[in-house]
Structure formats: C-alpha cells, structure tokens
Ligand SMILES: [Zn+2]
C-alpha cells in the first residue's frame, strides 16, 4: 500500500466532492435511491474494492465493506462509517466525511501493515437524513428493528413514490427489508466520524471532539385544511385560510422553544394548490423539534400543537397532527467513549490531533494546552445520527471534526482539510486500538446504570482506559420505538424512557 495519510484523504475527497452537487446552488441533493445516490454508492464500492474489502449490501440498502481479520471470523467486528445521502441543498461533509474518512483511515492502517485481530467493517447507511421518505436514519432503523418494515415500505416521497418502488428501481427487493440481528450480532462497536453540526470546537481550539449524547428529537407533520378562494374577491371575514394558523404556529414554535431552551423549526411547507392569487386550500408543514431532555421536548411540542389547534379553530380550519418520527435521548457508551478519549490523549498532538498544514491553520488551532493535556473535548449534539440508533444495540461512539462556521445542512457547511485529516488520524488510531490486540472491543456492561451522565468535559483530563465497566459506564439507551404513521396524534410517549 502506498497511500500516505494526508494525500490519500485529499485525493479521495477530490473525487467524491462533485457527486450529487447541484451546480446552481452549490448544495448537495444526494437523495436516497436516486442517480446521485447511486453514483455515491458506486464510488464507495469501487474504493472499497481497491482496498481489498468485500462489499456486501444488506437487505435494507445499507452497504458493508469488510476487512477480514487474520482469523477470518466475524465476531466483535469494529464498524465505522456514516451516510451518503443529503438534505435538500445540504453540505458536502455531512455524512460523506465519515465515509471518506473511513476509507482514508483504512489507508493509514494498511500503510503500516496493520493486521486486525477483529474484523473491521465500513458501513454506509441509507436515507439517514429522511429527506426523501420522511423518516431519518431509515437504514439503521430497519436494521435494528426500530421501524416496522411494512410501515417503511409504504413511506412515500413528495411525488408519491413509495420506498418499495424506489428500492425496486434501484435493484433491491423491498420485500426483504427488516431487522438483521445476525448482522448486528457480529458487531462489537460502531464509531461514526461526522462533521460537527454547531460551533463548539472552534472556540476550544480543537480539531476533533467526542460525542457525549444526542438530544431527543422528532418530526411532526401538521395538515391545515381550509378552503380555496379568490384572493381578489373573497372577503377576509369569509375566508378559511390555512396559511394563517400555520403562520401563528411557526411563531408559537419559536417562542416555545426559546422559553424552554429547546429547538423548534419549520423547514418544509407545502401550500396547495399554490396559486399566487388565491387563498390556499391546504398547508402542510413539518415541525422538527429537539431538546436537551424528553420532558422539555414533550412540553415544546404540546405547546406548539395547542397553538396550532387554537389558531385553526379561530380561522375555521381543520388540523391534523401526526408524529412521523421520534428518537429518545441517546447517551453514547461511556466505556467506549473513555477508551477513545484515552487513545486520542495518548496519541495526542502532534501525532494525531494537531492540525498539519500552513501556519494559518495552526494559528486557528487555539491553545495547544487543550489538546496537549487532555483528550478531545466531549460534546452533546442536537443532531440525530445512525450511531444514535445503533446505540440501542451495541456500544457506539462518535468523533466530530471541527466546523469553523458551525453551519450545517447548507452549502455553507465547511471543514478545513487539515481538520479532516486530523479526524482521519484520530479515527485510524481508534480503529487500530479497538480492532487490534489491545483487548476486547466490547466494554463490559455495568450491572446497573449509573447516575446522570457527566457534563461535557471540554478541558478535563481524559481518563485512562481502565478495566471495562468502571467509571459508571451506562448500558445502551432504550431502543427508539417503532415509528408509526397512525392518524392524528400528539407526541407519543418516548419509547422506553
Ligand atoms: Zn449526517
């Protein structure tokens, strides 16, 4: 193998970057089961083959590229990867960075003739964003049984195409989708590298961080049904305009979220029939809500729903609210997280984390003491990830790569190449430790869950990777409940928590 870490990533990124990019907006439209998605998947498959990995798509449309261990036994395998799909006009790093970094990490390990004791497998999950079929992390939810395959098959995109039809068009048999306990049973841990979505690392001067938890979050569809009318002749008092309760609801969501320290967003709205000189017949809008804890999230959604009901009644508009997805709070496996922190602290700058490159980059890397004396910062995030879904079934962890502007789900999303390369080195060090002879990958589970999760430790010393199970490691979080699409309902109780 002749790949040299930094250039390997840059070369890979140059090839991958144009796939699915819209030339007009500069954003990405890598929707699942479309030609752009197929191009990304074909590129990944080709790159995996070049590295001698065996690519095995699963029954749910996820890709698995296996680096077999010496023993050829797939037990306690170490998985890494992310997703290749995007939101509408998303950034190029969201998901793609984790996949490209996984390939580049394999290059680093192969360049040093690393021989895994346990299998390493690169995973690419399908429809992580839920941008086409409405349910985020669909591939990992199907894999873990967190969504009923019958429900999933009938999910539709905005053109009315079902997931089953889209998968069939993509050459997959949607009749086979569903949980794969056998596959999950071969995995010992999953580590997902992802661009930071937010701006916590930049002020700390850190190129790489470790995830602590994922806020509980969900999506709700609101249908406001009124009556179409003429914008020039219908008297205001006679109208049943669904746009008005919708507008009131948007404002209520903002106010409720601000009061509770939550986030509430209407990012997608469809007005029908969509004439500029008419009162709409119907407005369909999607609420995305997230909060640090499930009570706050429930309160926020309840308040938004009440405001929507009240405003709808006021304007003679009917309202239905349906929960499309819900993910409880996820706390990543503490034993695995501590082990990763110890690995990275030991490898430390400049070997692993220091940003290489011109002085300008080094200058933005902040006080070296943050990285020199401690493991990477540990951060919570409001963004959902496949690692969060998998956390219900096996120890998972996430590495974040600094996003200097903090913007994501936008063409403005960005990460410096030097930081991406620091992420690759960090990921390679972690994979080498987990898949190498250092010890069993799967941290032992504690007999009972420990108390509340520790707060983020941006500057505290990393703990050594002691015997697994010490340090109050938590078990996996409760599985996400099946995602229903039943009729009008409020936010359902979070499953298991
Ligand atoms: Zn992502």
Going through 330, 424, 378, 352 one at a time, which residue ends up being at pLDDT 95 or above, closer than 22 Å to residue 79 by Cα, surrounded by 23 or more Cβ atoms within 10 Å (Cβ to Cβ) and touching a helix residue (DSSP H, G or I) at 6+ places or on another chain (Cβ under 8 Å)? 424
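Restricting to the stretch 202-213, what's the tally of residues that are within 18 Å of the chain's Cα centre (by Cα) and either more than 22 Å from residue 404 (Cβ to Cβ) or more than 16 Å from the ligand (Cβ to nearest atom) (or both)? Full working, then the answer.
Initially, the stretch 202-213 is screened for residues within 18 Å of the chain's Cα centre (by Cα), giving 208-213.
Narrowing the set further to residues that are either more than 22 Å from residue 404 (Cβ to Cβ) or more than 16 Å from the ligand (Cβ to nearest atom) (or both) leaves 208, 210, 212-213.
Looking only at that region, the number is 4.
Which ones in the stretch 185-197 are crowded, with 17+ Cβ neighbours inside 10 Å and not in a strand (DSSP E or B)?
If we filter the stretch 185-197 for residues that are crowded, with 17+ Cβ neighbours inside 10 Å, which is where we start, we get 186-197.
The answer is 186, 196, 197.
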Can you name every residue in the stretch 65-92 that is under 21 Å from residue 434 (Cβ atoms), touching a residue at least 60 places away in the same chain (Cβ under 8 Å) and surrounded by fewer than 23 Cβ atoms within 10 Å (Cβ to Cβ)? 69, 74, 75, 76
Give just the number: which of (1) within 16 Å of the ligand (Cβ to nearest atom); (2) modelled with pLDDT of 95 or more does residue 155 not satisfy? (1)
Looking at the stretch 17-57 only, could you name the residues that are under 19 Å from the mean Cα position of the chain (by Cα) and closer than 28 Å to residue 68 by Cβ? 37, 40, 41, 44
Residue check, residue 140 within 15 Å of the ligand (Cβ to nearest atom), in the same structural domain as residue 196 (by TED's automatic domain parsing) and not in a loop (DSSP other than H, G, I, E, B): yes
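Residues checked against (1) within 16 Å of the ligand (Cβ to nearest atom); (2) outside any strand (DSSP E or B); (3) not assigned by TED's automatic domain parsing to the domain that holds residue 197:
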| site | (1), (2), (3) |
| --- | --- |
| 392 | no, yes, no |
| 397 | yes, no, no |
| 412 | yes, yes, no |
| 419 | no, yes, no |
Conditions (1) over 19 Å from residue 215 (Cα atoms); (2) surrounded by fewer than 22 Cβ atoms within 10 Å (Cβ to Cβ); (3) at pLDDT 85 or above: number failed by residue 340: (2)
If you scan the stretch 94-120, which residues turn out to be over 17 Å from residue 430 (Cβ atoms) and either touching a helix residue (DSSP H, G or I) at 6+ places or on another chain (Cβ under 8 Å) or not assigned by TED's automatic domain parsing to the domain that holds residue 406 (or both)? 96
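The values are calculated or read from the model by the stated rules, or taken from the named source; none is laboratory data. Everything numeric in this text was worked out from a predicted model, so none of it was measured. Here the Cβ is made from the backbone with ideal geometry for all residues, glycine too, and neighbour counts use every protein chain on show.
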